[in-house]
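Scroll down for the structure; my scribbles are underneath it.
The values are calculated or read from the model by the stated rules, or taken from the named source; none is laboratory data. Treat the numbers as computed from the prediction; the structure is a model and nothing was measured. Because the Cβ atoms are built from the backbone with ideal geometry, glycine has one as well, and the counts that use them run over all protein chains shown.
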Amino acid sequence: MSELKGIYALWYREMKVFLRERSRVISSIINPLLWLLIIGGGLGSAVSFGGINYQTFIYPGILLQTALFSSIFFGVYIVWDKKIDFMKEVLVAPMRRTSLFVGKIFGGSTDTLLQILILFLIGFVFINIGLMPGLNLNVLSVAISLIFLLVTTIGLVSIGLIIGSQMESPEGFQLIISFLIFPMFFLSGALFPISNLPAWLAPFIFVNPVSYAVDGVRGALLGFSQFNITLDFGVICLFSIVMILIGTYAFKKMKI
Amino acid sequence: MAIIEIKELTKKFNKLAAVDALNLQIKEGEIFGLLGPNGAGKTTTLLMLTTLIQSTSGTATINNYDIHTQPHNVRKSIGIVFQDPSSDEILTGYENLKLHGWLYDMPDIIREKRIKEVLDLVDLTNRQNDRVKKYSGGMRRRLELARGLMHHPKVLFLDEPTLGLDPQTRGTIWEYIQKLAREKNITIIITTHYMDEADKLCDRLAIIDQGKIVILGSPKKLKKNLGGDIVRLKSTKLNISKLKKLSYVKKISSCNDEICLTIENANKHLQELLNFVGKVDSVEIHSPTLDDVFLHYTGRKIRESAPEGSWADKAMHANIQGGTKR
Ligand SMILES: Nc1ncnc2c1ncn2[C@@H]1O[C@H](COP(=O)(O)OP(=O)(O)OP(=O)(O)O)[C@@H](O)[C@H]1O
Ligand SMILES: [Mg+2]
């Protein structure tokens, strides 16, 4: 009971902070819009894969991009918490470290999912104004995508929290995650299909969990996937479980 | 049985022993003061006792729970007001308090009642819905205090609770702290640099310096132990080593650009002393206060150290090397 209340308290705080930081909400809308319109529109005039409109093709990739950036970046807040000493207030409370981790995961995942829901709304609007032909947003496809996105988000938030729990400065955190999120994004098949890749590139894509998430969501929304969707789901579940385990451990070892 | 039992508690930062084999027992319901110059190790001690940092060696029990092996139970027994602000600036004052109530699993009705009570205590009721970002420094401090006083733990640690507060607020805080100790039997460990605060509040206190306890006792007893009156002299040509030879001079220390002598029966010896010293710029006698006690045991006045190489500095040195006459 008390642990649940603590988790709720942390989640409540993350929500308040998220909703009060307008700039974060706004950039979470602007950024994917720019990708869809400029990269999607611009490159789309020249390329298409498997007969799919390019803008449509990268839409699932942009959903994952939002999940990736927002989730991992969420870990910076734990560095801030340490810096402003709010972490002391939390760590001295009679709450288990695991609950702290869970509360943070809930907070970070909700932030990310809210942004993803906005992206789905943008998707609906685009479809209705005739952009992104072939994008199939219905209850089932959205539900399956959301499950994929949620599981992936949990794993990605964990990565951010793991790094954040071990770092002391926000600048250091940002440096480290930029080495992580850009390769994870570009080597995921978010922007191009992963068949016929140069041999040196393929292994990077196959070990990247985001590739499987992109593939699963693309399968659900476009009916176009390159792996088996069960494999996709299995891989991201495994990824998230491992990250949660490492995260729980990292939080136990975290120092103020 | 003591509610806090500290055994050989030590914390080293690299080579520096911030807390050096501390031994101490604190009784239930007591208001206990930890005094000491900046960097003496007060905060480090509190952080170890509240399980936030690991000790290098030694241990302590709080409410019979060991800080190393049962940290979770220790945390259930304690509350703390940190020296540095630790509330969330983006939340309002009220939200910070509500969060605290949740983290400590307070029942809703009691939580809301206490929030009202402590907001009123620190006079923040009409600012409770403002974000903490908009608070003044003193208001933030009051919010921290309010939060710490909210959940009535068995043991409450207060690290310089009234730092930067106006006199009215300090007065009401003191009353509340005393009430918590007397009526709720809450044990309170307080660090402070305000000697009047320590004198008024503490049942017992320890002065620590460089991680070690130098003296322990009730404020009354410590003042009495000085064994004499304090004479403050200001003079340009004082001969410290000769002064030290006088039988009734018990202790010499520097305070600002003056020199403080602890004199046995000052009324009787004053004339003799003045004759001995010769021309003085000013002189002042008073019976010992906690300030004098502090000065006596730490060899410098709180938060003020003389510029290097001044005669006051040398006086201090002479005193340390020569030891005190007893
Ligand atoms: N994280 C740290 N790393 C290295 N040294 C530290 C650390 N924290 C404290 N110290 C050192 O330990 C000593 C004791 O510090 P502490 O904060 O306990 O002093 P304090 O008695 O609370 O002083 P103040 O009255 O200034 O608050 C100091 O010399 C300080 O420099
Ligand atoms: Mg301190």
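Determine if the range B:17-26 includes at least one residue that is within 16 Å of ligand 2 (Cβ to nearest atom), within 12 Å of another protein chain (Cβ to nearest Cβ), closer than 22 Å to residue B:222 by Cβ and touching a residue at least 24 places away in the same chain (Cβ under 8 Å). No, the conditions are met nowhere in the range B:17-26.
Within the range B:38-53, the set of residues being closer than 20 Å to residue B:299 by Cα and either away from ligand 2 (no atom under 16 Å from the Cβ) or crowded, with 20+ Cβ neighbours inside 10 Å (or both) comprises B:40, B:41, B:42. If you check A:169, A:99, A:158, A:165 for being touching a helix residue (DSSP H, G or I) at 6+ places or on another chain (Cβ under 8 Å), surrounded by fewer than 18 Cβ atoms within 10 Å (Cβ to Cβ) and under 30 Å from residue B:54 (Cα atoms), only one passes: A:169. Within the range B:288-307, being modelled with pLDDT under 80 and β-branched (Val, Ile, Thr) holds for one residue alone: B:302. Applying the criterion of being in contact with an Asp or Glu (Cβ under 6 Å, 6 or more places away or on another chain) and not in a loop (DSSP other than H, G, I, E, B) to the residues of the range B:11-30, the residue that is modelled with the lowest pLDDT is B:21.
Selection within the range A:48-85: residues that are within 14 Å of residue A:132 (Cα to Cα) and surrounded by fewer than 17 Cβ atoms within 10 Å (Cβ to Cβ). The member of this set that is farthest from the other protein chains (Cβ to nearest Cβ) is A:51. Among the residues of the range B:196-205, are any on the phi < 0 side of the Ramachandran plot and free of Cβ contacts under 8 Å to residues at least 12 places away in the same chain? No, the range B:196-205 has no match at all. For the range A:45-53, the criterion of a residue being at pLDDT 85 or above and in contact with a helix residue (DSSP H, G or I) (Cβ under 8 Å, 6 or more places away or on another chain) is satisfied by at least one position. Taking every residue in the range B:39-57 that is within 12 Å of ligand 1 (Cβ to nearest atom) and pairing it with any residue that is of a type outside the set (D, E, K, R) and assigned to a helix (DSSP H, G or I), at least 6 positions away or on another chain, the pairs with Cβ-Cβ distances below 7 Å are B:52/A:91; B:53/B:47. Search the range B:166-193 for residues being crowded, with 19+ Cβ neighbours inside 10 Å and within 16 Å of ligand 1 (Cβ to nearest atom), and hand back the single one that is nearest to the other protein chains (Cβ to nearest Cβ). Here the answer is B:189. The residues in the range B:82-98 that are more than 10 Å from chain A (Cβ to nearest Cβ) and buried (at least 22 other Cβ atoms within 10 Å of the Cβ) can be counted, and the count is 2.
Might you let me know whether the range B:107-114 holds any residue that is within 13 Å of chain A (Cβ to nearest Cβ) and either of a type outside the set (D, E, K, R) or within 16 Å of ligand 2 (Cβ to nearest atom) (or both)? The answer is yes, given that some residue of the range B:107-114 is within 13 Å of chain A (Cβ to nearest Cβ) and either of a type outside the set (D, E, K, R) or within 16 Å of ligand 2 (Cβ to nearest atom) (or both). Could you please give the count of residues in the range B:224-245 that are touching a helix residue (DSSP H, G or I) at 6+ places or on another chain (Cβ under 7 Å) and buried (at least 17 other Cβ atoms within 10 Å of the Cβ)? Residues meeting the conditions: 9. Return the total of residues in the range B:58-76 being surrounded by 19 or more Cβ atoms within 10 Å (Cβ to Cβ) and in contact with a His (Cβ under 8 Å, 6 or more places away or on another chain). Of the residues in that region, 0 qualify. For the range A:207-226, state whether one or more residues are out of contact with any helix residue (DSSP H, G or I) (no Cβ under 6 Å at 6 or more places or on another chain) and free of Cβ contacts under 8 Å to residues at least 12 places away in the same chain. Within the range A:207-226, one or more residues are out of contact with any helix residue (DSSP H, G or I) (no Cβ under 6 Å at 6 or more places or on another chain) and free of Cβ contacts under 8 Å to residues at least 12 places away in the same chain.
Among the residues of the range A:180-206, what is the count of those that are touching a residue at least 40 places away in the same chain (Cβ under 8 Å), aliphatic (A, V, I, L, M) and not in a helix (DSSP H, G or I)? Give the steps one after another, and end with the answer.
First, the residues of the range A:180-206 that are touching a residue at least 40 places away in the same chain (Cβ under 8 Å): A:180-181, A:184-185, A:188-193.
Subset that is aliphatic (A, V, I, L, M): A:180-181, A:184, A:190-191.
Then drop every residue that is not not in a helix (DSSP H, G or I), which leaves A:190-191.
Going through the range A:180-206 one residue at a time, the tally reaches 2.
Among the conditions (1) in contact with a Gly (Cβ under 8 Å, 6 or more places away or on another chain); (2) more than 10 Å from chain B (Cβ to nearest Cβ); (3) among the basic types (Lys, Arg), the only one that residue A:104 does not satisfy is (1). Name the single residue that is nearest to the other protein chains (Cβ to nearest Cβ) among those in the range A:1-36 being touching a helix residue (DSSP H, G or I) at 6+ places or on another chain (Cβ under 8 Å) and β-branched (Val, Ile, Thr). Per the stated criteria, the residue is A:17.
Could you identify the single residue in B:33, B:101, B:79 that is crowded, with 21+ Cβ neighbours inside 10 Å, assigned to a strand (DSSP E or B) and away from ligand 1 (no atom under 16 Å from the Cβ)?
Result of the check over B:33, B:101, B:79: B:79.
Restricted to the range B:104-150, and to residues there that are within 23 Å of residue B:72 (Cβ to Cβ), crowded, with 20+ Cβ neighbours inside 10 Å and of a type outside the set (Lys, Arg), the residue that is farthest from ligand 1 (Cβ to nearest atom) is B:106. Listed by position, the helices (runs of 4 or more DSSP H) contained in the range A:66-179 that have at least 2 residues being closer than 23 Å to residue A:44 by Cβ are A:97-128, A:139-166.
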